[in-house]
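J.: Structure in structure tokens, see below.
The values are calculated or read from the model by the stated rules, or taken from the named source; none is laboratory data. Here the structure is a predicted model, which is why all the values come from computation and not from measurement. Using ideal geometry, Cβ is built from the backbone for each residue, glycine included, and neighbour counts are taken over all protein chains shown. Side chains included, ligands, DNA and RNA excluded: accessible areas come from the protein's heavy atoms. Shrake-Rupley method; radii C 1.70, N 1.55, O 1.52, S 1.80 Å.
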Amino acid sequence: MSRRPPSPVVVKLGGSVITDKKVSFSYREEAVRALGMAIASSGLPVVVVHGGGSFGHPLAKRYGLSSRASAASAEGVSETREAMLRLDAMVSASLTSAGLRPYTFSPFTLLDLEGGGGRSFLRRLIAAGAAPLTFGDVVHDGKGFRVLSGDTICVELSEMLGAERCVMALDVAGVLDDDGRVVETLGEGAAPLPGSLADATGGIAFKVSEALRMAAAGTEVRLVSGLAPGEFSKALKGVEFHGTTVRVARGVSSG
Ligand code: IP8
């Protein structure tokens, strides 16, 4: 009897971890390599998604591109995508130097796919020992150009691959309450969060709403500091860790 391969873990490397959001085009090579080493040493099959940080977001803002409304004009789309592709090349190089075999693909190849073509391609890559790698991008949604957040891509990938777990690496230790303490678990009916950081895709409040969507579809989501590789490693392996776990009883919609 053939054993089913373990379901891949969807990993989101947040833009605030892989770049310094306060300094334009500042890449955090050491942080990404440390996360890559944690992934490689876990031996788990993964699909990696990264955010835009100080590469994608300032340009998206400058050209009025966001995930909330589509922009009819193509102005700034190439420039924003070029910045994302530059960032992706650096992430890919860091993950390679950490021992992974990243395979970059644009997330638009996941959109509107019929017959599960994307799913079988990703499964083939994973079975061959590669780590599919993608990123928040600018896509055309039929009405205009829109930012497709890495968090939304995680929702699509988790569902497509039946992922048991999605680990989101942040620059803080998890979802924080008003007093700055980590909220250990979040479930259905979670209240909207105060103090969301405004960026092209809506900051932490949006991240939590996407995490709730994944959790409602059966994927446990773990939000953890990406600047603490030890905790990230535990979150990845599914053992006890310091951070926020988002879990919803199966079949309950997050609304
Ligand atoms: O940081 C945004 O991706 P995110 C990507 O995952 C762009 O929301 C183009 C700003």
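J.: I want to verify a result. In a Gaussian network model of the chain, Cα cutoff 10 Å, which of these has the top mean-square fluctuation: 64, 14, 136?
T.: With Cα springs under 10 Å in the chain, the top fluctuation among 64, 14, 136 is at 64.
J.: Also, quick follow-up: Can you classify the range 1-146 as rounded, prolate or oblate using the Cα gyration tensor, where a ≥ b ≥ c are the square roots of its eigenvalues, rounded means a/c under 1.5, and otherwise it's prolate if a/b beats b/c and oblate if not? Could you put the intermediate results ahead of the total?
T.: Numbers: a/c = 2.81, a/b = 1.32, b/c = 2.13.
Oblate shape, in that a/c is at least 1.5 and b/c is the bigger or equal ratio.
J.: If you don't mind, another one. May I ask which residue of 120, 170, 13 lies farthest towards the positive end of the charge dipole of the chain, with charges of +1 (Lys, Arg) and -1 (Asp, Glu) on Cβ and the Cα centre as origin?
T.: Of the candidates, 120 comes out farthest on the positive side.
J.: Using bins 5 angstrom wide from zero, how does P(r) for the range 65-186 break down, in % of all Cα pairs?
T.: 2, 9, 16, 19, 19, 15, 13, 6, 1, 0
J.: Run the reach check for residue 143 against lysines, Cα to Cα strictly under 23 Å, same-chain hits fewer than 8 apart removed. What comes back?
T.: 61
J.: Extent of the chain along each principal axis, from alpha carbon coordinates, in Å, largest to smallest?
T.: Principal extents (largest minus smallest coordinate, Cα): 53, 44, 38 Å.
J.: Restrict the search to the range 115-158; then list the trypsin sites (Lys or Arg not before Pro) that DSSP places in a loop and that have at most 10 other Cβ atoms within 10 Å of their Cβ.
T.: 143
J.: Here's a follow-up. Tally the DSSP beta bridges in the chain and give the antiparallel ones as a percent, rounded to 5.
T.: 30
J.: Return the lysines within reach of residue 234: Cα separation strictly under 24 angstrom, same-chain partners fewer than 8 residues apart disregarded; answer none if there are no such residues.
T.: 12, 207
J.: Hey, can you grab everything whose amide H is under 5 Å from the amide H of residue 135? Only 5+ residues off in sequence or another chain; H modelled, so Pro and N-termini drop out.
T.: Here the answer is 50, since their amide H atoms fall under 5 Å of that of residue 135.
J.: Going through the range 1-71, which trypsin sites (Lys or Arg not before Pro) have at most 13 other Cβ atoms within 10 Å and a DSSP loop state?
T.: Values: sites: 3, 12, 21, 22, 28, 33, 61, 62, 68; in loops: 3, 21, 22, 28, 68.
Here the sparse-neighbourhood loop sites are 3, 22, 68.
J.: For the chain, with only Lys/Arg (+1) and Asp/Glu (-1) charged at the beta-carbon, what is the dipole magnitude about the Cα centre, in debye rounded to 20?
T.: On the way: 27 positive and 26 negative charges, 118 e Å.
I would put it at about 560 debye.
J.: Compute the accessible area per residue over the chain, keeping the other protein chains in place, probe 1.4 Å, unit Å². Please report the intermediate quantities before stating the final value.
T.: Values: 12060 Å² over 255 residues.
Using a 1.4 Å probe on heavy atoms only, each residue of the chain averages 47 Å².
J.: Within the chain, what whole-number % of the accessible surface is contributed by carbon and sulfur, with the 1.4 Å probe and all protein chains included in the calculation?
T.: Carbon and sulfur atoms account for 53 percent of the accessible area of the chain.
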